[in-house]
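One structure below.
We did not get these values from a lab; they are worked out from the coordinates using the rules stated. The structure displayed is predicted, hence computed values, not measured ones. Cβ sites come from the backbone with ideal geometry, for glycine too, and all protein chains shown count toward neighbours.
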Amino acid sequence: MLRGWLPTDGPEITDLIVDYDPGTLERRPVRKQAVLDRFGALGDVFAQRVVRALPEVDGVLDPGAVDRLMIRTHCEMQRISEEFDHGRRVLELLKPVLAALRAGGVPPPYRIVDIGCGTGFAVRWLAHARELPDDVELTGVDYNRALVEEARRLAAVEKLACGFEVANAFQLDRPAAVLMSTGVLHHFRDEGLAAFLNRHGAGPARAFVHFDFQPTPFAVPGAWVFHVLRMTLPIAHHDGVLSAARAHPADALLSAAASLAPRFRLGMYGRRFAGTPLPRVFHALVGLEPELVGPFESALGARASRLEWT
Amino acid sequence: MNPGLALIVWALGATDVAMTGWRSAAGRSSLIDKRAYYRRAMLRGLLYGHAVLVPAALLMAIAVRVQQVSELAVNRAVLHMLVIYLPYAVVMAVSTALRFVPSVDVRSLSSMLIFGPLTFVRPVVAVLGVYAAYRSLPDPILFAVALVGMAGVLSLETYLRTLPAR
């Protein structure tokens, strides 16, 4: 339904208006015309209009203005997480994962790293909830320094026990026991998704949990209504609806992660409301080392029925 | 106007502008614990909302007197309006109560299936209520006054969003 309005295979605006060197994570200048041309080629007039309004200096998007816009956009986007009680959704899945690590003999401390954390809602919510054991370290990582600094500022304001780093999650000095993310997977397309997931197999992480929107017939119209009602920034309208349109189905996620087997047992969590064919807004790609699967299911209790292993 | 009816109309109006204050503040603070923030936002909604509601009510009272409309006719018109507003308010109240249920699914569903769609149709419901009153009491002056008051209430959120988030 979005064809002709939003190019569902195209990038989101926030994907293109910032750029980083993947090795050094240093910010790279983004030429405004290049972004306009990219969206022009995709026929994404809405995105072109948004980008055209962004300030530039000598043809390069003003990094300060872009940062401020990114922070405002993430602030608006946090409302989705709040309305859909996403913090608790994450907590309810992390608790059994941590219980499985403990039961599986993995020594603490357990470092949970939120990849592409943005302003760190999930990590800050978990820290604020204080429902995880003391031997759990909460860290958010993101390439975007402005978002990380905002996450740190917000955590300091509320005196939350969590940290944020400008870093590649797979190259941390102190690696994660559990990797997680929210709304990150759909940013990776085709080989990019497989490459991202494959990196989980190279590191010491024992489990991962990646939440994302679930593509259903209701997702795009629902996202449209939600964003029209709740968001004021055009960029949030565009990227929010496009996120729902670009979300990967469970099969695609599992297929992209297939090379992680047998190191990880893979599955989807929480696709349907209990016992009904009704889809939930979010689903999660879950991966655990095989010896952790039993304890994980035990810790899930009745919620184990939400798991669909491959 | 019957004092009981007046109280109900005021309670609905006050609740609506308080929630408007809440909505205008949502998405503008990234803190996790926003209870104090939302309390201030709802008080702001009440304050600015009454700056719209009180003059609208006074204007309506003057118009009723000038048009020499009987109290019975006014009460009947208000009842017709409440037939539209009360069910909406009840559903919103139930939905708000569901937000306190400790279940991610229940909270998500309340947002997805009730809050979202009902917020979407709120302007329509607001105008329908005024129209229902007009059908009962077809006085164009009163109708115009009611519509002006309603326009003020409906534009409150946009105005509040221009104020700094605190």
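Summed over all non-identical Cα pairs, the Kirkwood treatment of segment A:119-267 gives a radius of 17.0 Å.
Among the DSSP helices (H) of chain A, those spanning at least 15 angstrom by Cα along their long axis with an average Kyte-Doolittle hydropathy of -1.0 or more are A:32-42, A:63-83, A:86-103, A:145-157, A:191-202, A:219-230, A:234-246, A:290-300; this is a geometric and hydropathy rule only. Altogether, the Stokes-Einstein calculation at 25 °C and 0.890 mPa s, with the Kirkwood radius of segment A:185-310 over Cα pairs as Rh, returns a diffusion coefficient of 157 µm²/s. Residue order for B:S24, A:S255, fewest other beta carbons within 10 angstrom first, comes to A:S255, B:S24. On the basis of the beta-carbon distance and an R0 of 25 Å, B:V101 and B:D33 show a calculated FRET efficiency of 0.80. In terms of overall dimensions, the C-alpha atoms belonging to segment A:1-131 reach 55, 39, 24 Å along their principal axes, ordered largest to smallest. The distance between label points at B:V148 and B:L118 comes to 3.1 nm (points 7 Å beyond Cα on the Cα→Cβ vector).
When you restrict to C-alpha pairs under 8 Å that are six or more residues apart and normalise by the size of chain A, the relative contact order lands at 17 percent.
What number, in percent, do you get for the relative contact order of segment A:123-197 if the mean sequence gap of Cα pairs under 8 Å and at least 6 apart is divided by its residue count? The partial results should precede the final answer.
Details: 57 pairs, mean separation 21.3, N = 75.
Normalised by residue count, the contact order of segment A:123-197 is 28 percent.
Here the contact order of chain B, divided by its residue count and restricted to Cα pairs under 8 Å and six or more residues apart, works out to 34 percent. Once every Cα of segment A:135-210 carries one equal point scatterer and solvent is ignored, give the base-10 log of I(q)/I(0) from the Debye formula at q = 0.15, 0.18, 0.23, 0.24 Å⁻¹, two decimals. Those come out to -0.58, -0.82, -1.21, -1.27, one per q. Just checking the listed ones, B:R76, B:R28, B:R44: in the Gaussian network model of chain B with Cα springs under 10 Å, the one fluctuating most is B:R28. Taken over the C-alpha atoms, segment B:53-105 has Rg and Dmax values of 17.5, 54 angstrom.
With Rh defined as the Kirkwood radius, the inverse of the mean 1/r over Cα pairs, the Rg/Rh of the protein assembly as shown is 1.03.
Given the options B:M92, B:M42, B:M112, which has the most mean-square fluctuation in a GNM of chain B, springs set between C-alpha atoms less than 10 angstrom apart? Result for chain B, Cα springs under 10 Å: B:M112 fluctuates most. The magnitude of the dipole of chain A, with charges of +1 and -1 set on the Cβ of Lys/Arg and Asp/Glu and taken from the Cα centre, is near 520 debye. For chain B, what is one quarter of the convex hull surface built on the Cα atoms, given in nm²? Averaged projected area of chain B's Cα convex hull equals 9.9 nm².
Taking the square root of 5 times each eigenvalue of the Cα gyration tensor, what semi-axes in Å does the equivalent ellipsoid of segment A:34-97 have, largest first? Each step should come with its number before you reach the end.
Working: eigenvalues 235, 44, 23 Å².
Taking √(5λ) for each eigenvalue gives 34, 15, 11 Å, largest first.
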